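Read the structure below first, then the notes.
Values in this text are rule-based calculations from the coordinates and carry no lab data. From a predicted model like this one, the values you see are computed outputs, not experimental measurements. With ideal geometry, Cβ positions are generated from the backbone for all residues, glycine too; neighbour counts draw on all protein chains shown.
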Amino acid sequence: MKPIELDVFREIEILPSPPFQIARVLNQVNTMSFKDFSAETMIQNDPSMACQILKIANAPFYGYPSQIVSLEQASNLLGPGPIKNIILTTPILESNNEAYSDYNIAVRSLWCHMIITATFALEISELSQLHASDECFTAGLIHDIGKIALLVYQPKIFAIIAKKAKREKISLCQAGSETLGWPISEISGHLASIWGFPEKLINALKLNKNLESNNQESKKLSALVFLSDCLANNLDYHDGWDTSESSIETWIFETLELEQSTLDSWIPKLKEVAELAVAAFES
Amino acid sequence: MNDTNGAKKDIELATIRDLLKKQNGMLGQSLIFSNHLLYLKKSVSLLDLEEIKRVLVEKLPHILSIRYFTLFLFDKKSNKLDLACHNRPDLPQSMSIAIDDSPVMKEALDHGKYIVEGNYQNSKFFQGKRNSLFQNNFLVCAPLMIENEIVGILNLNDNIKGFFSVGELDFVINITEFLSLTISNALLFEKVEDLSVTDGLTGIKNRQYLENIFASEFSRSLRYKSPLSAILIDVDHFKSINDTYGHQKGDQVLIEIGKVLNVICRAHDTIARYGGEEFVVVLPETNAKGAFPIAERIRDQVQSLSFSNDTKHWNVTISCGIGEIDFEKMKSKDDLLKIADLALYKAKESGRNQTVIG
């Protein structure tokens, strides 16, 4: 396979959303005055729209270049008008049934995985009081945008990686790293960077564990997203392609100053919130 | 297998087509609203409130697809709503209502939120009397606010379809947000303009305003050969009032004289503080003979004013000089003012506290 450079993703301006998501959000827009909806409730289940909102809010035009970390901040800054426009202009993700027989199911699982990761990040941040919960939710929601970009804009390479993961019974991330020479999470970080997201969010999306000690806030956000992602996988909310269990690395516990026993005690609560999030997503 | 995949693909394509149609329709509507808003912005980007009202009466019903509207402005001092403009034949040009007298407007203003009633008659706001002017019972009541400051309220009646879609309602909110700013700017401009021609102490017009208005009144009189006179007023012994009782008391005298002038002079007369302790009254359509009793009434009224401090009570008097336009000899308002000034000099020379016609 001809290797690809990270730079091929430079031209991406927008990520599509699957039809079920677009239909749900359009329905809400049609039945609710924008005075009554908040961006979070409207797009909290959609990483693509969330990215578009963060991209616009972080543009210099609005006066806070690369400073808006969460959807809540972005929504307060932009107001309902621009958010409505983002919803109306989000492209529809077309399925690729030729490459995958269960494409739609996998896409649905990927979206669900991102929502669960966001929900866990929010819940853990509240339980541990380690980081601003709105920022954790946002980082969790969009942590896998690299997968969406790869799936949509480099579908052949994505298919090779997915097949390799399945054949060798390894994680999609590992298969991605071995195929591309760099982890898929780098694409998430790269997109966040070209779209002007704050450094903190870029590091979190790259799942960057090698941050300087003076960048503890950023490192905590990374660790929290990493932890939430692992928990989502381990509690069977996989991304549609990856079915392997994830091991929670030591640096996560150290960064979050967390004991395994504490984490274990949170699991029932996390399962509960996950069920609620899935029910909301399916409704 | 291929057939199943093909069928799946067809269903999916149909779904995507429907969604695209929906997105397209909503975007199209958004564009139309944006165009309407831009058009209204261009039309109403004015500083003259009267002009803004005129444009609203002309364009608002069409842009919002409604038959009738009323726009009230909030008067903070009286806590009342003043009807600013409307297109309803059953209402007078201007009127004021207490906020408590309209439950629907009161609720909208109290909560800072619009109220939509598809059937006003069945709503809790209905006061038992249906307006026969309206073809349906549709009502939107939207407050005009800037942050938490109330600017006014916009009422929309008789929507042509009988209802508003969510998009149309959002458009109304956009319009009210924009109108709040435009009207507030116009009101501020009016206030600043008024302040720039108002004497800060007495609250009557200042010399700058007088110069302009006097000049235009003089030209008008000269053109139409209509009478015009001016009264020049000077407070007698004002320096000694200041020296004896202090400048604050001197200021109080000037303020009270300003009030007397406001009460006695007619609506179309112009009163102004000319400078120091001098005042001018310009009286259109009035000759010196007609101005004399007015000057005398002012003089009497001022004489009857009583001033005091902790130890003393005193009165003040004024002298008045009247000038009248002379179509043959006068070329500008300064000529007329010169005659009034000479008459004032004579009044002072003759013992003060009197009116002299020049």
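Observations
- DSSP bridge orientation in the stretch B:270-358 - percent antiparallel, rounded to nearest 5: 70
- Put simply, the Cα atoms of the stretch B:221-277 extend 48, 19, 13 Å along their principal axes, the longest span coming first.
- Whole-number percent relative contact order across chain B, with pairs defined as alpha carbons under 8 Å at least 6 apart: 12
- Total formal charge among the other residues, if their Cβ is under 12 angstrom from that of B:Glu12, Lys/Arg +1 and Asp/Glu -1: 0
- Shape summary of the stretch B:230-358, radius of gyration then Dmax from alpha carbon positions: 14.7, 54 Å.
- Along its three principal directions, the equivalent ellipsoid of the stretch A:91-205 from the Cα gyration tensor extends over semi-axes of 26, 16, 14 Å, largest first.
- Here the Karplus curve 6.51 cos²θ - 1.76 cosθ + 1.60, taken at θ = phi - 60°, turns the phi angles of the stretch B:296-306 into couplings of 5, 5, 5, 4, 4, 5, 5, 4, 7, 5, 10 Hz, with x standing for Gly and Pro.
- In summary, the stretch B:52-145 shows an alpha-carbon radius of gyration equal to 1.07 times the 2.2 N^0.38 Å reference for compact globular proteins.
- Cut-off of 10 Å, at most 15 other beta carbons, DSSP loop: longest stretch of chain B lacking such chymotrypsin sites (Phe, Trp or Tyr not before Pro): B:164-326
- Virtual spin-label span in nm between A:Tyr153 and A:Thr250, 7 Å along Cα→Cβ: 3.8
- When the Cα convex hull of the stretch B:139-238 is projected onto planes of every orientation, the mean area is 12.3 nm².
- Note on the stretch B:61-211: Cα-Cα pairs beyond 23 Å make up 42% of the total pair count.
- Among residues other than B:Leu133 with Cβ under 13 Å from its Cβ, the summed charge is +2 (Lys and Arg +1, Asp and Glu -1).
- Calculated [222 nm] ellipticity per residue, helices only, for the protein assembly as shown: -18000 deg cm²/dmol; basis is -39500 (n - 2.57) per DSSP H run with n ≥ 4, divided by all residues, nearest 500.
- Largest-first principal axis extents of the Cα set of the stretch B:110-177 (Å): 35, 26, 18
- Against the main long axis of the alpha-carbon atoms of chain B, helix B:49-64 sits at an angle near 10°.
- At R0 = 35 Å, FRET efficiency that the Cβ-Cβ distance of A:Gln129 and B:Ser123 yields, to 0.05: 0.15
- Of all lysines in the structure, those lying under 25 Å Cα to Cα from A:Lys200, and not within fewer than 8 positions of it along the same chain, are A:Lys55, A:Lys147, A:Lys209, A:Lys219, A:Lys220.
- Tail beyond 39 Å, pair distance distribution of the protein assembly as shown (Cα, percent): 56
- Sequentially through the stretch B:352-358, phi angles give Karplus couplings (6.51, -1.76, 1.60; θ = phi - 60°) of 6, 6, 7, 10, 10, 8, x Hz, Gly and Pro residues having no value and appearing as x.
- All lysines inside 18 Å of B:Lys331 as judged from Cα atoms, apart from same-chain residues fewer than 8 positions distant: B:Lys225
- Computed over neighbours whose Cβ is under 10 Å from that of B:Ile204, the net charge equals +2, Lys and Arg +1, Asp and Glu -1.
- Seen from a random direction on average, the alpha-carbon convex hull of chain A projects onto 14.4 square nanometres.
- Its residue count N fixes a reference of 2.2 N^0.38 Å for chain B, and the Cα radius of gyration divided by that reference is 1.50.
- Restricting the GluC sites (Glu not before Pro) of the stretch A:55-124 to loop positions (DSSP other than H, G, I, E, B) with no more than 15 neighbouring Cβ atoms within 10 Å leaves A:Glu94, A:Glu98.
- Violating pairs (Cα-Cα greater than 21 angstrom) within the set B:Lys239/B:Lys346; B:Lys124/B:Lys161; B:Lys289/B:Lys338; B:Lys41/B:Lys106: B:Lys124/B:Lys161; B:Lys41/B:Lys106
- The stretch B:100-190: GluC sites (Glu not before Pro) in DSSP loop, at most 11 other beta carbons within 10 Å: B:Glu147
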